[in-house]
Amino acid sequence: MQAQLTIFDLLERLDKADLLNGVVLEIPAELESNEIPEEDIPFIREKLLIETVRSAFGVSRGGRDRRPDDDSWKWITAEDKGSPFSFRNCCLSTGVNPDELLEWLFWYRKKLN
């Protein structure tokens, strides 16, 4: 029987794949404005999505349990479509269907409670 993967398994694999590819976000010190280089935005969106989903379910970056974060869950469920770093735009930027992921996250949250 094949084991079923959870969202956290998938997020961890994605995170490890980035580490193996040597993806490192470096913001030059000489940037004096608050502007984000355009080429860094997809990477930031991906990391924001991964870390916020983990935080919403109480999973730390090291895999340890912690208290689920309500603010993270609010970000995930917000109706914001215009913000460049909204849940929806972070999903679309990484090739994930936001409606399907949201449905799955609601199902998973209900299962845990």
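What follows is calculated from the coordinates using simple rules that are stated; it is not laboratory data. Every value quoted in this text rests on a predicted model; they were computed, and no experiment measured them. Backbone-built Cβ (ideal geometry, glycine too); neighbour counts: all protein chains shown.
For the pair E51/D65, report the inter-label distance in nm, with labels modelled 7 Å from Cα in the Cβ direction.
That separation, rounded to one decimal, is 2.4 nm.
What nm distance separates the two modelled labels at T77 and W104, each placed 7 Å from Cα along Cα→Cβ?
Inter-label distance under the simple model: 2.0 nm.
Tally Lys/Arg at +1 and Asp/Glu at -1 over every other residue whose Cβ is under 12 Å from the Cβ of F106; what's the total?
Its environment carries a net charge of 0.
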